[in-house]
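For reference, the structure is listed below as structure tokens.
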Amino acid sequence: MSDNPLLKVSGVSKFYGSRIGCKDVNFELWPGEVLAIVGESGSGKTTLLNCISTRLLPTAGSVEYRMRDGNFRDLYHMSEAERRFLMRTDWGFVHQNPADGLRMTVSAGANVGERLMAVGDRHYGKIRETATDWLGRVEISADRIDDQPRAFSGGMRQRLQIARNLVTGPRLVFMDEPTGGLDVSVQARLLDLVRGLVNDLGLAAIVVTHDLAVARLLSHRMMVMKDGFVIEHGLTDRVLDDPREPYTQLLVSSILQV
Amino acid sequence: MSADLATYNFAYLDEQTKRMIRRAILKAISIPGYQVPFASREMPMPYGWGTGGVQVTASIIGPEDVLKVIDQGADDTTNAVSIRAFFQKVADVAVTTHTKDATIIQTRHRIPEAKLTEGQVLVYQVPIPEPLRFLEPRETETRKMHALEEYGLMHVKLYEDIAINGRISKTYAYPVKVDGRYVMDPSPTPKFDNPKMHMSDALQLFGAGREKRIYAVPPHTDVVSLDFEDYPFEIQTFEQDCALCGAHGVYLDEVVLDDKGGRMFVCSDTDHCEDRREHGHVGAMLAPNQEAAE
């Protein structure tokens with residue numbers, strides 16, 4: 001791991017009128033580290049994720065990102081062009097519903113190739129080669145490259161969405177409930193895949209989930225949110241094995257044991 | 001006609017409207033390929049008949065101008081005839097079918113075969129000015145994409161074409177990049193005409209009446225058709241020559257002759273075809289007929 005964090009979040013708050021979305025969140029994310037944000041519905045997980053990933057303007061606070069040149073930049077002091085460029089090159093965003101993150105009416109190959117073309121790739125053969133390679137890495141067979149995601153199953157769509165995000169070699173990936181809506185066996189395979197990719201590529205990731213099992217499998221550290229506040233923060237194993245806050249204890253004890 | 005009766009202003013539009021449109025045109029010329037919004041007026045013809053082009057022409061035409069109007073290359077089809085008659089009536093200008101004599105050429109979907117020269121203005125009638133429209137339905141988003149020069153999506157479309165058809169199958173309204181900046185829809189002209197837009201000596205103005213947009217390509221401006229390195233842009237080629245004038249390397253229309261599969265290919269540009277025949281060129285269809293008549 002390098003000497004500097006990749007992302008510095010300080011004092012981020014978001015209010016919806018008088019209601020709190022999330023309040024006074026501080027953390028740092030290091031390269032190659034996976035951070036899980038857990039909590040029940042309405043606890044502010046997704047609001048926080050959107051604030052960090054420039055999809056939602058926070059009411060207060062700053063989010064600084066270490067660019068490839070090593071300098072920290074405040075995301076909200078960048079121009080929109082720079083922010084959007086960052087989002088489609090150095091970042092990825094995996095939506096809960098693959099239809100939000102994919103272009104459902106163009107082929108799988110074009111879905112994976114879009115980011116490459118957006119940064120100026122103009123060689124059809126090479127784009128297709130890269131797309132084929134990435135489909136293979138997410139376990140989609142190469143003969144499905146010209147099929148539209150509409151013809152894919154839920155699990156395949158989610159894997160395609162991951163391939164589409166990783167093709168430009170991002171350093172930071174945001175995931176919003178990446179396994180939501182998938183059945184258990186498909187979930188397990190997807191988690192396996194994501195864990196492998198994150199390890200191989202040395203990605204940093206912020207994963208929002210209400211599923212503690214997902215957090216346990218994927219993340220190194222985790223933050224527990226309740227009513228917009230971060231109430232507990234620590235190494236995943238520590239938080240899950242030895243929860244300190246009453247709410248976290250409740251959360252951990254309410255996992256169904258089969 | 002009694003002098004007391006109200007008449008049309010010269011070229012139908014009132015002077016304030018023309019002024020507004022000219023300002024939009026000047027802005028469009030200053031930013032090649034950028035779509036300038038303008039307050040499009042109702043014209044005495046339906047949308048889809050060239051209301052945008054007519055407004056542009058009405059704003060730039062003067063009593064000394066010579067107007068040519070073509071519809072798919074032809075001077076004698078309904079759209080061309082009625083717009084020409086319109087300007088004869090409301091502006092009393094000279095009209096012509098000869099490309100080289102015209103100062104303003106209003107066109108629906110073709111660029112004349114004869115090379116346009118300095119001082120000529122080509123006015124296009126545009127149905128849908130936004131090249132990204134069928135890829136991204138939101139106007140707010142397409143404007144942002146133009147502003148930030150995010151044109152990756154355009155290539156996604158071309159990628160899909162190759163993946164499905166083995167080649168870029170877009171044959172008309174083929175997207176171009178103007179002056180290295182804005183991606184532009186050249187109106188539904190066949191891609192055959194795209195190279196003629198590049199470094200043209202003539203001024204090219206585009207008017208979309210229903211969509212309320214004007215854009216322009218000033219003379220001597222780069223107009224590059226988008227493509228891939230390994231699938232370069234190509235124009236259509238035809239196996240036959242024109243059946244009437246024998247022209248080669250021009251855009252041809254297919255004309256069905258009977259219900260037994262008979263067909264002929266003729267120049268889409270009628271003026272070009274007539275001019276060649278006047279100069280003694282004869283195509284395959286005319287020559288054997290003459291022999292048969294003898």
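The values are calculated or read from the model by the stated rules, or taken from the named source; none is laboratory data. Please read these numbers as outputs of a predicted model, since none were measured by experiment. Positions of Cβ are generated from backbone atoms using ideal geometry, with glycine treated the same way; all protein chains shown enter the neighbour counts. Heavy atoms of the whole protein, side chains included, go into the accessibility calculation; ligands, DNA and RNA do not. Shrake-Rupley method; radii C 1.70, N 1.55, O 1.52, S 1.80 Å.
Quick notes on this one:
The rows are residues; the columns are (1) over 19 Å from residue B:141 (Cα atoms); (2) touching a His at 6+ places or on another chain (Cβ under 7 Å); (3) of a type in the set (Gly, Ala, Ser).
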| residue | (1), (2), (3) |
| --- | --- |
| A:51 | yes, no, no |
| A:60 | yes, no, yes |
| A:67 | yes, no, no |
| A:74 | yes, no, no |
| A:93 | no, no, no |
| A:103 | no, no, no |
| A:109 | yes, no, yes |
| A:121 | yes, no, no |
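- Counted residues, segment B:103-117 - those being assigned to a loop (DSSP other than H, G, I, E, B), open to solvent by 20 Å² or more (accessible area, probe 1.4 Å) and closer than 22 Å to residue B:191 by Cα: 5
- For segment B:208-294, the strands (runs of 3 or more DSSP E) that sit wholly inside it and include 2 or more residues that are farther than 30 Å from residue A:128 by Cβ are B:213-217, B:252-256, B:263-267.
- Condition met for residue B:76 (touching a residue at least 40 places away in the same chain (Cβ under 8 Å) and either open to solvent by less than 20 Å² (accessible area, probe 1.4 Å) or farther than 20 Å from residue B:201 by Cβ (or both)): yes
- Among residues that are in contact with a strand residue (DSSP E or B) (Cβ under 7 Å, 6 or more places away or on another chain) and at pLDDT 90 or above, residue A:166 is included.
- Once segment A:106-126 is narrowed to residues that are more than 7 Å from chain B (Cβ to nearest Cβ) and assigned to a helix (DSSP H, G or I), the residue that is nearest to residue A:157 (Cα to Cα) is A:108.
- When segment A:48-74 is filtered for residues that are in a helix (DSSP H, G or I) and surrounded by 21 or more Cβ atoms within 10 Å (Cβ to Cβ), the ones remaining, listed by number, are A:48, A:49, A:51, A:52.
- Test: residue in segment A:201-219 that is among the β-branched types (Val, Ile, Thr), crowded, with 18+ Cβ neighbours inside 10 Å, modelled with pLDDT of 90 or more and closer than 30 Å to residue B:163 by Cα: no
- Pick from segment A:151-191, criterion open to solvent by less than 40 Å² (accessible area, probe 1.4 Å) and of a type in the set (Lys, Arg), ranking: nearest to residue A:85 (Cα to Cα): A:164
- Taking the numbered list (1) open to solvent by 20 Å² or more (accessible area, probe 1.4 Å); (2) in contact with a strand residue (DSSP E or B) (Cβ under 9 Å, 6 or more places away or on another chain); (3) away from chain A (no Cβ under 14 Å) in turn, residue B:120 passes all entries but (1).
- Exclusive hit being in contact with a strand residue (DSSP E or B) (Cβ under 9 Å, 6 or more places away or on another chain) and among the acidic types (Asp, Glu), set A:200, A:183, A:192, A:176: A:176
- Within segment A:81-89, none of the residues are away from every other protein chain (no Cβ under 14 Å) and touching a residue at least 60 places away in the same chain (Cβ under 8 Å).
- Residue A:15 vs. criteria in contact with a helix residue (DSSP H, G or I) (Cβ under 7 Å, 6 or more places away or on another chain), in a strand (DSSP E or B), among the hydrophobic types (A, V, I, L, M, F, W, C) and away from chain B (no Cβ under 14 Å): no
- Test: residue in segment B:279-291 that is closer than 30 Å to residue B:176 by Cα and surrounded by fewer than 12 Cβ atoms within 10 Å (Cβ to Cβ): no
- Criterion applied to B:48, B:53 was being under 15 Å from the mean Cα position of the chain (by Cα) and at pLDDT 95 or above, and the one residue passing it is B:53.
- Scanning segment A:1-48 for residues that are among the hydroxyl-bearing types (Ser, Thr, Tyr) and touching a strand residue (DSSP E or B) at 6+ places or on another chain (Cβ under 8 Å) turns up A:10, A:13, A:43, A:46, A:47.
- Residue check, residue B:82 more than 15 Å from the chain's Cα centre (by Cα) and open to solvent by less than 30 Å² (accessible area, probe 1.4 Å): no
- Near pairs, Cβ below 7 angstrom, 6+ apart or cross-chain, from segment B:160-184 (at positive phi) to any residue that is among the polar types (S, T, N, Q): B:173/B:187; B:179/B:221
- Residue tally, condition surrounded by 15 or more Cβ atoms within 10 Å (Cβ to Cβ), within 9 Å of another protein chain (Cβ to nearest Cβ) and more than 22 Å from residue B:214 (Cβ to Cβ), over segment B:149-185: 11
- Any hit, segment A:127-136, residues being closer than 23 Å to residue A:177 by Cα, within 14 Å of chain B (Cβ to nearest Cβ) and more than 18 Å from the chain's Cα centre (by Cα): yes
- If the condition is being basic (Lys, Arg), part of a loop (DSSP other than H, G, I, E, B) and touching a strand residue (DSSP E or B) at 6+ places or on another chain (Cβ under 9 Å), then segment B:128-183 contributes only B:167.
- Number of residues in segment B:119-150 that are closer than 15 Å to residue B:34 by Cβ and in contact (Cβ under 8 Å) with a residue 60 or more places away in the chain equals 4.
- The single condition among (1) basic (Lys, Arg); (2) more than 15 Å from the chain's Cα centre (by Cα); (3) closer than 22 Å to residue A:157 by Cα; (4) open to solvent by less than 60 Å² (accessible area, probe 1.4 Å) that residue A:103 does not satisfy is (4).
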